[in-house]
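The values are calculated or read from the model by the stated rules, or taken from the named source; none is laboratory data. No experiment lies behind these values; they were computed from the predicted model shown. Reconstructed Cβ throughout: ideal geometry from the backbone, glycine too, with neighbour counts over all protein chains shown. In case anyone asks, the SASA skips ligands and DNA or RNA and just uses the protein heavy atoms, side chains included. Shrake-Rupley method; radii C 1.70, N 1.55, O 1.52, S 1.80 Å.
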Amino acid sequence: MSAIPIHPRATDGRSGRVSHSAFERLFRAVSLASAVLVLLVLIGILASVLSGGWPAFQAFGFWGFVSGESWNVGLERFGAWPAIAGTLMSSALAVVIGVPITIGIAIFLTQLSPPWLKGPIGSAVELLAAVPSIIYGMWGLFVFAPLVATYLQLPLNQLVEGVPIVGTVLYSAVPSGTGILTAGIILAFMIIPFVASITRDMLDQIPPVLRESAYGIGCTRWEVIRHVLVPQAGVAIIGAIMLGLGRALGETMAVTFVVGNANRLSGSILDPGSTIASRIANEFNEAADLQLNALYALGCILFLVTFAVLLVARVLVARLGAR
Amino acid sequence: MTSEAERLATPTPAVPRHSRVRPGRRVADRALSVFCIAVTLVGVAVLGWILGMLAWRGLAALSPAIFVAVTPGPGTAGGGLANAIVGSLVLTFLGIAVATPVGLLAGTFLAEYARGSKLASAVRFINDVLLSAPSILIGLFVYTLMVAPFGAYSGWAGGIALAIIAVPVVVRTTEDMLSLVPNSLREAAAALGAPPSRVVTRVTWRAAQAGILTGIILATARIAGETAPLLFTALNNNFWFSPDLVGGVSNLPVTIFQFALSPYENWQELAWAGALLITAAILLLSVTARLILRRNRAG
């Protein structure tokens, strides 16, 4: 696909009307400016978190800030590690829980579903993606968290109490239902529709003739998926999953509702914690001085991590699109 | 093409029941189907559960007062969401009013003027990254840009924060839709002597109209429920905002956030009512967008 060359100079000589070509130049310039604005926004975001966070990085050193474990407003000592660990843990749990479900839905939609069911289920998945994150947060806090407390935390506590390692990771000191695992599950539900619809599109792009020849030599559905579809779309699916991971890392409102907002890092995934985004959301408006800088610095770390993940994801997704 | 038709007629090319397929292969095949159907049911069930819960708690809390009365102060009985609803409408409108021209022109630049250029691929890539960028960082950015320097929260800052979230959506759909317009249309217009700007505004924009409109509606749906970028920009409060939008502007998402986490029962009820209103509006917008797109494709 190549565009016909559109260039202001092409009309300049022929029409010869000055006002006319001035408008051409203006229209092109305004379009260009709008496109450049998109670039500037990203640079502006980076500049604002970097300049805002600079004093905190200076006070504690970059690694000192990243690995610091205490977050004490009174003593003005700020370390990012509990929030970073909470962010990584909840997002990792979201991916671990969400990916099998996502791939299952995508396979159902592209390979198994009878045609009359494809439309409704596809729309349902897309509607799930349109539900705002604050709604997931409310649902998580008022409906899901009590279930986690009653049916997961309390029985698990009795089961694992005193057991080494498992007794630490799965024991909840505060069985309130909120915590890193609950946040991970809610995040999983939030990224499922998003990743599933990309994965479905990727699977739909694979030429049907490949699939049909595999069925033709007697492959079962499992074998077709395992040996034809996965090798074809695997890289792009990993890219889609990383896009979901990028979303999960930066998700704010739903997590703030259900993560429990504890400042200390617990050894258990069932205990309350905090993420970078939830801490910024909770503290930014009341923060001043070094605490404000520390929150900006947290934002800076979040920017670097999500940007890196999204960068790799886009490269992986684009690779299939180019083929 | 016959194979395609056959595939549609027999949707599941399963293993024939009495074939001599090794049992292991058949079990793997069956397990796959069961798993996929089960997780799809889980996905649909969660959607139903969330919407059902919203309808149940939201409808119970819905009353005419919601649309008339102002959000109540702490410990005050009754109250409504009128200021938050109007505030949200204003902020969303501001956001989309800024995002539409910028996104439309940037998408036009990518599709019409700079196809294949280095700058275009850089912008396209950054735009895709911004599509999934954490919205709280956009809040921080706009706070630094528009709130800290003036020392006052404002609806303008909130509108710009929402615009920054909406722009990538508009850019992406505009570019995609413009690339679908056949080149012969552009060539025909150019051959008639139309200058580039006229080719764009009178021919390609018009041909891609429905798709571009869909993008704008989807962007509106996206920003209508955004909460994180408003926390530090538009803020929120319990009274009517001033017409110049300086100072906090009450809005539904932040009100829902604060009220849902509060200990007051009437606040929590209002949060559910607000959640129902906002979700209904957003789902209505995205269904509308899909209908426009589908009708256009069919026609």
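Tabulated data
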item	result
Residue in region B:131-138 that is within 30 Å of A:ALA288 (Cβ to Cβ), in contact with a Phe, Trp or Tyr (Cβ under 7 Å, 6 or more places away or on another chain) and in a helix (DSSP H, G or I) present	yes
Residue in region A:279-288 that is under 21 Å from B:VAL129 (Cα atoms) and not aliphatic (A, V, I, L, M) present	no
When residues of region A:266-291 are limited to those that are outside any loop (DSSP other than H, G, I, E, B) and free of Cβ contacts under 8 Å to residues at least 12 places away in the same chain, the one farthest from the other protein chains (Cβ to nearest Cβ)	A:GLU286
Set A:GLU126, A:GLU161: member being surrounded by fewer than 20 Cβ atoms within 10 Å (Cβ to Cβ), touching a residue at least 40 places away in the same chain (Cβ under 8 Å) and among the charged types (D, E, K, R)	A:GLU126
Where a residue in region A:298-315 is within 7 Å of chain B (Cβ to nearest Cβ) and its partner, wherever it lies, is among the small types (Gly, Ala, Ser), with Cβ under 6 Å and at least six apart	A:THR306/A:GLY246; A:THR306/A:GLY250; A:LEU310/A:GLY246; A:LEU310/B:SER132
Test: B:THR92 is of a type in the set (S, T, N, Q) and away from every other protein chain (no Cβ under 14 Å)	no
Near pairs, Cβ below 9 angstrom, 6+ apart or cross-chain, from region B:143-158 (in the same structural domain as B:VAL246 (by TED's automatic domain parsing)) to any residue that is aromatic (Phe, Trp, Tyr) and assigned to a helix (DSSP H, G or I)	B:TYR143/A:PHE284; B:THR144/A:TYR296; B:MET146/B:TRP156; B:TYR153/B:TYR143; B:ALA157/B:TYR143
Candidates A:GLY104, A:GLY140, filtered to the one that is at the interface with chain B (Cβ under 9 Å from one of its Cβ atoms), in contact with a Phe, Trp or Tyr (Cβ under 6 Å, 6 or more places away or on another chain) and open to solvent by less than 30 Å² (accessible area, probe 1.4 Å)	A:GLY104
Residues located in region B:1-60, provided they are open to solvent by 70 Å² or more (accessible area, probe 1.4 Å), at pLDDT below 60 and more than 7 Å from chain A (Cβ to nearest Cβ)	B:MET1, B:THR2, B:GLU6, B:ALA9, B:THR10, B:PRO16, B:ARG17, B:HIS18
Checklist (1) within 7 Å of chain A (Cβ to nearest Cβ); (2) surrounded by 24 or more Cβ atoms within 10 Å (Cβ to Cβ); (3) not β-branched (Val, Ile, Thr) applied to B:ALA157, failing item	(1)
Subset of region B:193-213 [within 30 Å of B:VAL142 (Cβ to Cβ) and open to solvent by 10 Å² or more (accessible area, probe 1.4 Å)]	B:TRP205, B:ILE212, B:LEU213
Within region B:284-299, tally of residues that are part of a helix (DSSP H, G or I) and more than 12 Å from every other protein chain (Cβ to nearest Cβ)	5
Test: B:PRO229 is assigned by TED's automatic domain parsing to the domain that holds B:LEU293, of a type outside the set (Asp, Glu) and part of a helix (DSSP H, G or I)	yes
Flag for B:THR108 being without any contact (Cβ under 8 Å) to a residue 40 or more places away in the chain and at the interface with chain A (Cβ under 7 Å from one of its Cβ atoms)	no
Verdict on B:GLY107 being crowded, with 23+ Cβ neighbours inside 10 Å and within 20 Å of B:ASN183 (Cα to Cα)	yes
Residue match in region A:114-132 (condition: part of a helix (DSSP H, G or I), β-branched (Val, Ile, Thr) and within 8 Å of chain B (Cβ to nearest Cβ))	yes
Residue tally, condition open to solvent by 30 Å² or more (accessible area, probe 1.4 Å) and within 14 Å of another protein chain (Cβ to nearest Cβ), over region A:164-183	1
Any hit, region B:204-216, residues being of a type in the set (Phe, Trp, Tyr) and not in a loop (DSSP other than H, G, I, E, B)	yes
Criterion violated by B:LEU231 - all others in (1) under 19 Å from A:SER31 (Cβ atoms); (2) touching a residue at least 12 places away in the same chain (Cβ under 8 Å); (3) over 15 Å from the mean Cα position of the chain (by Cα) satisfied	(1)
Residue in region B:254-283 that is most open to solvent (accessible area, probe 1.4 Å), counting only those that are facing chain A (nearest Cβ under 10 Å) and over 22 Å from B:PRO229 (Cβ atoms)	B:GLN268
Output for region B:234-253, where each listed residue is open to solvent by less than 50 Å² (accessible area, probe 1.4 Å) and of a type in the set (Val, Ile, Thr)	B:VAL249
All positions within region B:80-93 that are buried (at least 22 other Cβ atoms within 10 Å of the Cβ) and under 22 Å from the mean Cα position of the chain (by Cα)	B:ALA84, B:GLY87, B:SER88, B:LEU91, B:THR92
From the options A:ILE107, A:ILE134, residue that is in contact with a helix residue (DSSP H, G or I) (Cβ under 9 Å, 6 or more places away or on another chain) and under 30 Å from A:ARG211 (Cβ atoms)	A:ILE107
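Here's the yes/no breakdown for (1) at pLDDT 95 or above; (2) more than 24 Å from A:GLN58 (Cα to Cα); (3) crowded, with 21+ Cβ neighbours inside 10 Å; (4) under 17 Å from the mean Cα position of the chain (by Cα):
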| position | (1), (2), (3), (4) |
| --- | --- |
| A:GLY250 | no, yes, yes, yes |
| A:ALA262 | no, yes, no, no |
| A:SER266 | no, yes, yes, no |
| A:PHE284 | no, no, no, no |
| A:ALA288 | no, no, no, no |
| A:ALA313 | no, yes, yes, yes |
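Condition check ((1) more than 10 Å from every other protein chain (Cβ to nearest Cβ); (2) closer than 28 Å to B:TRP49 by Cα; (3) not aliphatic (A, V, I, L, M)) across all residues:
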residue: A:SER197; (1), (2), (3): yes, yes, yes
residue: A:PRO207; (1), (2), (3): yes, no, yes
residue: A:TYR215; (1), (2), (3): no, no, yes
residue: A:GLU223; (1), (2), (3): no, no, yes
residue: A:GLN232; (1), (2), (3): yes, no, yes
residue: A:ILE238; (1), (2), (3): yes, no, no
residue: A:ARG264; (1), (2), (3): yes, no, yes
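For every residue, the table says whether it meets (1) within 8 Å of chain A (Cβ to nearest Cβ); (2) surrounded by fewer than 20 Cβ atoms within 10 Å (Cβ to Cβ).
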| position | (1), (2) |
| --- | --- |
| B:ALA97 | no, yes |
| B:VAL102 | yes, no |
| B:ALA122 | yes, yes |
| B:ALA133 | yes, no |
| B:PHE141 | yes, no |
